[in-house]
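Data first, discussion second: the structure below is written as structure tokens.
The values are calculated or read from the model by the stated rules, or taken from the named source; none is laboratory data. Remember, it's a predicted structure, so these values are computed and weren't measured experimentally. In this analysis, Cβ positions are derived from the backbone assuming ideal geometry, glycine residues included, and neighbour counts consider all displayed protein chains. Areas reflect the complete protein model, heavy atoms only, side chains present, ligands, DNA and RNA absent. Shrake-Rupley method; radii C 1.70, N 1.55, O 1.52, S 1.80 Å.
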Amino acid sequence: MLGFYRCGKGDLSSRFVKWLPNAFTMGNLLSGLFSITFIMSGYLRMAALLIFLAAFLDLFDGKIARKLKVDSELGVELDSLADVVSFGVAPALLFHTLSPHSLLTSLAFVLYPAMGAFRLARFSAKPTIGYFLGIPITLSGLIMAGMGLFLYSNSFITILLAILMVSPIRMKKL
């Protein structure tokens, strides 16, 4: 039999507690993936709302992990991967879909998620305590989703957000 069936009640509840923060992270990731799907289907406002849902779920995964004392390297890496999709790729695709196509649009479309991924990798390699270095990708993604909610896009704002994510600006953690 599988080890899963041999464990007692305490083991199952312990596994659930350890898995709970990752469930929120997977909800974040799935929201980002569904946002991309909605963008490809032309439901741009719904796609923007799904990015907001991803941010809501992202807000709680780390808090739950710390509260339950179950934070793990796997959870941290999964969170970064989910954030690249939900706050990097999905907002960039939303922007690209809304924008008239030009060289500047293409530059912004590529630069935004690339700088978001770089920012997350930098934070993973050298975490900061008490502050963020550069604006968080979540904040940047929410600004992009807010613009998308009103069917607005702007290449200059998108490039500025990309630069701010990797800038030396310090933002206090809430």
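About the centre of its Cα atoms, the chain shows a dipole size close to 520 debye [charges on the beta carbon of Lys, Arg (+1) and Asp, Glu (-1) only; nearest 20 debye].
Here's how it looks for Phe132: its modeled amide H is under 5 Å from those of Met171, Lys172, Lys173, which are all 5 or more places away or on a different chain. The HN-Hα couplings worked out from phi for the stretch 52-61 by the Karplus form 6.51 cos²θ - 1.76 cosθ + 1.60 (θ = phi - 60°) are 5, 4, 4, 5, 4, 5, 5, 4, 9, 4 Hz, whole numbers, x standing for Gly and Pro.
Among Met26, Met144, the sequence by solvent-accessible area, most first, with a 1.4 Å probe is Met26, Met144.
Couplings for the stretch 24-40, taken from phi via the Karplus curve 6.51 cos²θ - 1.76 cosθ + 1.60 with θ = phi - 60°, read 5, 5, 5, x, 4, 4, 5, 4, x, 5, 5, 4, 4, 4, 5, 4, 5 Hz in order; Gly and Pro are left as x.
Among the protein heavy atoms, those of Leu50 account for about 30 Å² of accessible surface (1.4 Å probe, every chain in place).
The phi-based Karplus calculation (6.51 cos²θ - 1.76 cosθ + 1.60; θ = phi - 60°) puts the 3J(HN,Hα) values of the stretch 128-139 at 9, 10, x, 8, 9, 9, x, 6, x, 4, 5, 4 Hz, whole numbers, x for Gly and Pro.
Among Leu107, Leu161, Leu149, the largest mean-square fluctuation in a Gaussian network model of the chain (Cα springs under 10 Å) belongs to Leu107. When the chain is treated as a GNM, springs tying every alpha-carbon pair under 10 Å, which of Asp79, Asp58, Asp71 comes out with the largest mean-square fluctuation? Maximum fluctuation in the GNM of the chain, among the listed residues, is at Asp71.
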